[in-house]
Amino acid sequence: MSEFNFFSLNLISHLTSGFKTTMNSTNFYSSKKIKILLLLILSAIIVSFNGCLNYYQEVTLYPDGSGKMQIDYWMKFINEESEKVVENLGIFNPDSIKSGFQSAYSTVDNVNVYEDSTDSTTHAVIEISFTHIDSLNKTKVFAEYNFSFQQKSKDQIIFSQFIPPIATGFGIDASSFNVTYRYKISGDILSHNAQEISGKTLTWRYKLSEIGGGKMITVTFQPYKLKETPMWIYFLSGAVLLLVLFFLLKKRKS
């Protein structure tokens, strides 16, 4: 697992939806006051951390647009009071997390929240499977990420994902934080704008100060005919066929 990212207001907005529902039901707060409250909540979260906000996202993307995603985000708290602030917001609550990432076309397969005693950090690891990556746009957390999976031609797919602006301020040094996205592509990569490539794996890394008004990550690839078609499958199939022919011929001779 690698590097960092700061949780977008989308997730915080979702996890604090209980506050907004109460406000709307009483008609006491205007939408402007709700936004101010969310910013105050965000401020409280930020000052609760010891400069350590981390996010890692890894996606295995198949030729038909389906795939798997694993997210790991972790935070380090200054003291017990700061930990209580975040616990009350539900950012590390499995039910709130599942609700934020679930949709009719994507499934949260597992949520694991744990404390790492080696560095005193609290982690949330989320495993998601989806029938088509575009469907992630229907989740509450990814509503502004604009996942796109389009067929350019018969043999080419263009995939893109928007990284929305991430709120900074409140004394945060945006240059000291990074956001990391890693995609494993089931096909031959033709073009991309990733910073790193290793085999069929592309990695994008940005500092928060570089994201500005948002970044678009994109890749064009020629998909395999199946979700995954390693060469050893062809060799194994050929070997089995030859073995069957050998025994058939041997049986005829005998």
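A short reminder: the numbers here are calculations on the coordinates, not readings from a lab. Just so it is clear, the structure is predicted and the values come from calculations on it, not from any experiment. Cβ placement follows ideal geometry from the backbone for every residue including glycine, while neighbour counts extend to all protein chains displayed.
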Estimated FRET transfer efficiency when R0 is 25 angstrom, pair Asp188-Lys68 (beta carbons, to 0.05) | 0.75
If you take the beta carbon distance between Leu236 and Lys84 as r and set R0 to 41 Å, what does 1/(1 + (r/R0)^6) give as a FRET efficiency, to the nearest 0.05?
-> 0.15
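Among the listed pairs Lys184/Lys207; Lys68/Lys138; Lys154/Lys225; Lys98/Lys140; Lys68/Lys207; Lys68/Lys225, give every one whose C-alpha distance is greater than 20 Å. Kindly include the intermediate steps, with their values, before the conclusion.
Values: Lys184/Lys207 22 Å; Lys68/Lys138 16 Å; Lys154/Lys225 12 Å; Lys98/Lys140 10 Å; Lys68/Lys207 25 Å; Lys68/Lys225 18 Å.
Pairs exceeding the cut-off: Lys184/Lys207; Lys68/Lys207.
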Treat the count of other C-beta atoms within 10 Å as a stand-in for reagent exposure and order Leu136, Leu241 from fewest to most.
-> Leu241, Leu136
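Quick one: length gained pulling Leu249 to Glu127 fully straight, 0.36 nm per residue minus the C-alpha distance? Walk me through the intermediate numbers first.
On the way: separation 122, 0.36 × 122 = 43.92 nm, distance 5.00 nm.
The Leu249-Glu127 span can extend by a further 38.9 nm.
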Roughly speaking, what is the stretch gain from Ser120 to Glu196, that is 0.36 nm per residue apart minus the C-alpha to C-alpha distance, in nm to one decimal?
-> 24.3 nm
Between segment 120-155 and segment 231-252, the Cα center-to-center distance that results, in Å | 42 Å
Of the listed peptides 207-217, 113-123, 97-107, what is their order by residue-averaged count of other C-beta atoms within 10 Å, with the highest listed first?
-> 97-107, 207-217, 113-123
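In terms of the Cα gyration tensor, with a ≥ b ≥ c the square roots of its eigenvalues, is segment 121-167 rounded because a/c is under 1.5, prolate because a/b exceeds b/c, or oblate? Present the calculation step by step, with values, prior to reporting the outcome.
Numbers: a/c = 2.47, a/b = 1.78, b/c = 1.38.
It is prolate, given that a/c is not under 1.5 and a/b is the larger ratio.
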